[in-house]
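These notes are about the structure you will find just below.
The values are calculated or read from the model by the stated rules, or taken from the named source; none is laboratory data. Fair warning: this is a prediction, and the values are worked out from it, not measured in the lab. Using ideal geometry, Cβ is built from the backbone for each residue, glycine included, and neighbour counts are taken over all protein chains shown. For the accessible areas, the whole protein counts, side chains as well, though only heavy atoms, and no ligand, DNA or RNA atoms are used. Shrake-Rupley method; radii C 1.70, N 1.55, O 1.52, S 1.80 Å.
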Amino acid sequence: MSGHHTTQGSPFAPHTATDTEAMLDAVGVETEAELFDIPDSVRFDGEFGIEPRSERAIRAEVAQTLEKNDDLVELLGRGHYSHYVPSLVDHLSQRSEFLTSYTQYQPEVTQGFLQVLFEYQSLLVELTGLGVANCSMYDAATALGEAATLADRLRQTSGTRVLVPEHLADGRREVLANYVGGTDLTVEEYPMDDGNVDVEALGGALDDSAVMVYAENPTVRGCVEESLETIGDLAHDNDALFCLGSDPVSLALLQEPASVGADVVVGAADVLGLPTSYGMGMGLFATREEYVRQVPGRLVGASTDDTGRRTYTLTLQTREQHIRRERATSNICTNQAWVALRAAIHASSLGPDGLADLAKEAVTDAQALADRVTEVVGVKAPVHDRHHVREFVAHTDQPAPAVAADLEDEGYAVHVLGEHHIQLNANALGENEVDEFVDALAEVAR
């Protein structure tokens, strides 16, 4: 940088007036404003046009606005769950040491946060049986996208097909498509049979052109997948990675992913530590130890300092902000460290037995609600003859969109899956609320 740059510019915008004039001349405009096409209707003219009011008046207006929102009991499920989060999680996670901590680049001042993230990773390693878990992703959808690109990096053959179940949350399917958009990968769906993978159809769709097979347990419809070992064998027989979607609560009860051949586990980890957050979440990502240098994001590792004490640090940061772009595994910019902190606190407060009990309740609550719903004339549940976690699909003799609309008038939100199918999340209802919901359903379903 020449001398006139340092005196007339700044370290952040070092261009002088002469530099700016030369660049504008090169692109054929006279002012920087001409580079931006901002409609007059939204262009800032120096005045916000907001009448100043007192804090008290503003608070009252905001309260009146919020009161216009519908107050619905949300049985939506499909990745959006209402959970009771112990107050301990709020009290500890909102300590200033955690809230004011940005990315833990300086281990000498962030040992507490790094230790919690290490414990979070250790929790996922124990639940999945895999050797490595990163210290969180944005959400389940981006974790799935990262799994596909990891599979692509690991393959030594020309396979480019990523196979996913036809029953898959729209958001995950769309994010995955975005992730593979800049690669040679393509996404294809395979059929489901009564809420589980149609193993025969999957086997027919597989050959050495597949790079990854993705399945979920529980599925997006709440069904427990019964053919995980077979799915894993089919993937490996065709030289493809087996990626399994789940969550840490379900994994406390269901088959360990490593035992059924899973190479990567992704999913939503915010079922611990977060209530329904309408867009904010946290994704889990675990894989085999031999793939450690292909893991996206960051890993916290344990070491010792010069006095021999156990310490923690960011061990691997294979993202393009830290290393050369061509060597980066991902362009993920940050992670959900504070949400991972909350998940670790929640899991620790439950303990191994408490976490397993929570998973069992997710199964028994779904079965109990399905039994009650089936007592309603014009409704049958569950549609799929499977074990369920948290949620299930119910058949309605009346058109499902009309039933859902009438339930909304009664104060309940449910998913419509088809002309006569709705999906219900049992976790959304407390013991004292089940009767009220069943009464409302009976009123609108007949």
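Annotations for the structure displayed:
- FRET efficiency for residue 188 and residue 155, using Cβ-Cβ distance with R0 set to 22 Å, rounded to 0.05: 0.85
- Acute angle (nearest 10 degrees) that the helix 434-445 long axis makes with the longest principal axis of the chain, alpha-carbon atoms: 80 degrees
- Rel. contact order, % - alpha carbon contacts under 8 angstrom, at least six apart, the chain: 19 percent
- With all protein chains in place and a 1.4 Å probe, the accessible surface of segment 211-285 carries 45 percent carbon and sulfur.
- Acute angle (nearest 10 degrees) that the helix 228-237 long axis makes with the longest principal axis of the chain, alpha-carbon atoms: 50 degrees
- In the context of the full set of protein chains, segment 17-63 has a per residue accessible area of 96 Å² (1.4 Å probe).
- The sum of -39500 (n - 2.57) across all DSSP H runs of n ≥ 4, divided by the residue count of the chain, sets its helix-only mean residue ellipticity at 222 nm to -11500 deg cm²/dmol.
- In terms of accessible area, using a 1.4 Å probe and ignoring ligands and nucleic acids, 68, 360 rank largest first as 68, 360.
- Of the chymotrypsin sites (Phe, Trp or Tyr not before Pro) found in segment 61-98, those in coil by DSSP whose Cβ has at most 11 other Cβ atoms within 10 Å are 84.
- Degrees, to the nearest 10: 111-128 long Cα axis against longest axis of the chain: 40 degrees
- Ligands, DNA and RNA excluded, the heavy atoms of residue 95 present near 120 Å² of accessible surface to a 1.4 Å solvent probe.
- A simple spin-label model places pseudo-atoms 7 Å from Cα toward Cβ; at residue 12 and residue 27 they are separated by 2.1 nm.
- Radius of gyration over Kirkwood radius for the chain, both on Cα atoms: the Rg/Rh ratio is 1.04.
- Cβ-derived FRET efficiency at R0 45 Å, residue 91 paired with residue 310, nearest 0.05: 0.95
- Ligands, DNA and RNA are left out, and with a 1.4 angstrom probe the accessible area of segment 87-344 is 42 Å² per residue.
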